[in-house]
Amino acid sequence: MSQWVYLEDISEHVGEDVEIRGWMFNKRSSGKIHFLQLRDGTGFIQAIVEKSSTDEEVFKTADSLRMESSVVVEGRVREDKRSPYGYELDVKNIEVIQIPSEDYPISKKEHGIDFLMTNRHLWLRSKRQFHILRIRDEVIRATREFYHSKKFVLVDTPIFTGAIGESAGETFSVKYFDLGKAYLAQTGQLYLEAAIMALGKVFNLGPTFRAEKSKTRRHLTEFWMNEAEMAYYTSDDNMTFQEELISYIVKRVLEKASEHLEAIGRDVKPLEKVKAPFPRISYDEAVKLLQKKGFDMKWGDDIGGDEETGISVEFDRPVMVYNYPGNIKAFYMQPDPNNPKVVLCNDMIAPEGYGEIIGASQRIHDPDLLIEKIKEFNLPVESYDWYVDLRRYGTVPHSGFGMGIERLVAWICKLDHIREAIPFARTIYRIHP
Ligand code: 4AD
Ligand code: MG
């Protein structure tokens, strides 16, 4: 019996007989030899079945395999510098688990995006998707690592919430027993604000839901967000922390997932420049810059996707735009004491046209001002009673932010569309599979 090994460890088994448990994703054959392309979820290898040197039954089995047959293949590992995978397997035996009775729907030919999304459950097996999902895994691992290295505490925030969030228009609701409606969380921020008063520096990482009808390359209705909240942090402290976080994640992905970046053809040079400090420009400066570049924009307008791209192309690393007008931002943001028309906040805009990856601010810590703002934004004051309580008992200045995992992955991988940055994308027109 040969030892079962994973392809990611194959270099440790050169010259040995091993067993690979996986799938055949492609095959080239001549009358005398079959080249089986195998994958096992951790890597890829070419397996060689030669008529002259293999058992006749085994050769016949290889002949009968179709795409996506599940197989346990036994063979000897050989290093091969010419092979794209670096190693090959000289096959001794093949145990068939299943040969599909039909042709696999995804073939080598070009498929439209609609077809691929409808077959997302199968599309995941394609090489490019394999690499993207592994980069996503590394992004999330690095995110968690960073927070723990900075002694933050993970606080998991609820997904069912009462009528509380950023703004009422963008929530999904579900019937909740006798208590009326529950809303799917758009953010865990308000709960993290409660948690910092107990734990100082906290973070979460989980799914959030937005019922906004934005049909763009950057919007999902369900996306994963990492949020952080820090007691006693000013908006400046907050920005410094964000640039360290992003620099760390990008560095980590370059170190740990370079083979995956290379496999999807990502030019890593722009990523190598992503080192703190990042440029910071005020909203005022951003408006002037955009006007100079010919954007039809005046002070007070929001900075949309095209404008974000217009700003980002001026810089070689992420850029932080700070202190937006209060009326285009959320109710809880702290007004600037030097200019009450703007709030102490920042968005971080990714390079290469990927738009906002972080939304951040210092939060109002005065209870009366907070109540005033809740009313001004036409939100139900009763629902925010506990949130105001946080300002009644030992309030402190504090700041935090939310980082969109898929936006980050889309940028790091340089994807055309955010839907490939998450295993099963949820968009306005798609909830299946
Ligand atoms: O800017 P947003 O809306 O900020 C908040 O929700 C704050 N409560 C976060 C906080 O301060 N704790 O969202 C944060 C980030 C955005 O910068 C963007 O990266 C991502 O979440 N995001 C989306 N990603 C994909 N699809 C969508 N529809 C997104 N909406 C926001
Ligand atoms: Mg935002």
Worksheet item: Which is open to solvent by less than 60 Å² (accessible area, probe 1.4 Å), outside any helix (DSSP H, G or I), away from ligand 2 (no atom under 15 Å from the Cβ) and modelled with pLDDT of 95 or more, of Val321, Val287, Val342?
Response: Val342
Practice prompt. Mind listing whichever residues of region 140-199 are assigned to a loop (DSSP other than H, G, I, E, B) and surrounded by fewer than 14 Cβ atoms within 10 Å (Cβ to Cβ)?
Written response: Lys151, Asp156, Pro158, Ser167, Tyr176, Gly180
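May I ask you to list the residues in region 20-35 that are of a type outside the set (Phe, Trp, Tyr), closer than 17 Å to Asp103 by Cα and in contact with a Phe, Trp or Tyr (Cβ under 9 Å, 6 or more places away or on another chain)?
Taking region 20-35 and keeping what is of a type outside the set (Phe, Trp, Tyr), we get 20-22, 24, 26-34.
Those left that are additionally closer than 17 Å to Asp103 by Cα: 24, 26-28.
Answer for region 20-35, where residues must be of a type outside the set (Phe, Trp, Tyr), closer than 17 Å to Asp103 by Cα and in contact with a Phe, Trp or Tyr (Cβ under 9 Å, 6 or more places away or on another chain): Asn26, Lys27, Arg28.
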Worksheet, complete the sentence: Considering only strands (runs of 3 or more DSSP E) wholly within region 1-50, the ones with at least 1 residues that are out of contact with any helix residue (DSSP H, G or I) (no Cβ under 9 Å at 6 or more places or on another chain), in contact (Cβ under 8 Å) with a residue 60 or more places away in the chain and within 14 Å of Met67 (Cα to Cα) are 17-29
Practice prompt. Could you identify the single residue in Glu244, Glu222 that is within 9 Å of ligand 1 (Cβ to nearest atom) and surrounded by fewer than 21 Cβ atoms within 10 Å (Cβ to Cβ)?
Written response: Glu222
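Among the residues in region 267-278, are any basic (Lys, Arg), at pLDDT 95 or above and assigned to a loop (DSSP other than H, G, I, E, B)? Don't jump to the end; show me each part of the working.
Going through region 267-278, the residues basic (Lys, Arg) turn out to be 269, 273, 275.
Checking which are at pLDDT 95 or above leaves us with 269, 273, 275.
Those still in the list that are assigned to a loop (DSSP other than H, G, I, E, B) too: 273, 275.
Yes, the conditions are met somewhere in region 267-278.
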Discussion item. Suppose the filter is open to solvent by 40 Å² or more (accessible area, probe 1.4 Å) and modelled with pLDDT of 95 or more; does Glu356 pass it?
Written reply: yes
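Here are Ser83, Ser53: which of them is part of a loop (DSSP other than H, G, I, E, B), polar (S, T, N, Q), closer than 30 Å to Gly15 by Cβ and open to solvent by 70 Å² or more (accessible area, probe 1.4 Å)?
On the way: Ser83 fails: open to solvent by 70 Å² or more (accessible area, probe 1.4 Å).
So the residue among Ser83, Ser53 that is part of a loop (DSSP other than H, G, I, E, B), polar (S, T, N, Q), closer than 30 Å to Gly15 by Cβ and open to solvent by 70 Å² or more (accessible area, probe 1.4 Å) is Ser53.
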Worksheet item: Does Lys373 fit the bill of being at pLDDT 95 or above, more than 16 Å from ligand 2 (Cβ to nearest atom) and in a strand (DSSP E or B)?
Response: no
Worksheet item: Limited to region 354-370, what total is found for residues that are within 14 Å of ligand 1 (Cβ to nearest atom) and either over 19 Å from Tyr324 (Cβ atoms) or part of a loop (DSSP other than H, G, I, E, B) (or both)?
Response: 2
Item to complete: Pairs only if they're at least six apart or on different chains, beta carbon under 6 angstrom, first in region 416-427 and in a loop (DSSP other than H, G, I, E, B), second more than 16 Å from ligand 2 (Cβ to nearest atom) and acidic (Asp, Glu); list them, first residue then second.
Response: Arg426/Glu222
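The values are calculated or read from the model by the stated rules, or taken from the named source; none is laboratory data. As the structure is a computational prediction, the values presented were derived from the model and not from experiment. Neighbour counts are summed over all protein chains in view; Cβ atoms, including those assigned to glycine, are modelled from backbone coordinates with ideal geometry. Accessible surface areas use protein heavy atoms only, side chains included; no ligands, DNA or RNA. Shrake-Rupley method; radii C 1.70, N 1.55, O 1.52, S 1.80 Å.
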